[in-house]
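Only the coordinates and a few stated rules stand behind these numbers; no lab work does. This structure is a prediction, so every number in the text was calculated from the model and none was measured. Here the Cβ is made from the backbone with ideal geometry for all residues, glycine too, and neighbour counts use every protein chain on show.
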Amino acid sequence: MTATVTVCRGCCCGTTRKVPGVDHDEQLDTLRDLTAGHARIRVVTDCLGPCERANVFVVQPARAGRAAGARPVWLGGITEPAQIRAIADWVNSGGPGLSEPDPALKARRFPKPANSS
């Protein structure tokens, strides 16, 4: 089983109103292209909760990562092409529990909000 990257496109994430200057469709297309065969990209239109951290991505470990004790990793402020490439590189090399993310991604991590599912 592969990792899953959940991309919030709720009330704020993925909107130029909240995050101007970002081609949000291109962001998704790039992520899909770079992770083909390595990750499932899941787009949710229900808000994940932490709107002040738009754009929010959740990287869920593959089965082997979960077996190694990994849990989903929440990332906020994902707006730059380099961040998308870093997410792709991470999941392509195994993702949570199997490889370490780029230091720039580590800086974007935050705890799962209490009000999210």
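Quick look at the values:
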quantity	calculated
Filtered residue count, region 16-37, keeping only those that are under 14 Å from residue 81 (Cβ atoms) and outside any helix (DSSP H, G or I)	4
Extreme residue, surrounded by the fewest Cβ atoms within 10 Å (Cβ to Cβ), among residues of region 89-117 that are of a type in the set (Lys, Arg) and outside any helix (DSSP H, G or I)	109
Among residues of region 50-88, those that are crowded, with 17+ Cβ neighbours inside 10 Å and without any contact (Cβ under 8 Å) to a residue 24 or more places away in the chain, counted	1
Top-ranked residue in region 11-46 [being of a type in the set (A, V, I, L, M) and touching a Ser or Thr at 6+ places or on another chain (Cβ under 7 Å); ranked as nearest to residue 90 (Cα to Cα)]	39
Every residue from region 56-88 that is over 12 Å from the mean Cα position of the chain (by Cα), under 19 Å from residue 34 (Cβ atoms) and either part of a helix (DSSP H, G or I) or among the hydroxyl-bearing types (Ser, Thr, Tyr) (or both)	65, 81, 82
The lone exception for residue 47 - which of (1) part of a strand (DSSP E or B); (2) more than 15 Å from residue 5 (Cβ to Cβ) it fails	(1)
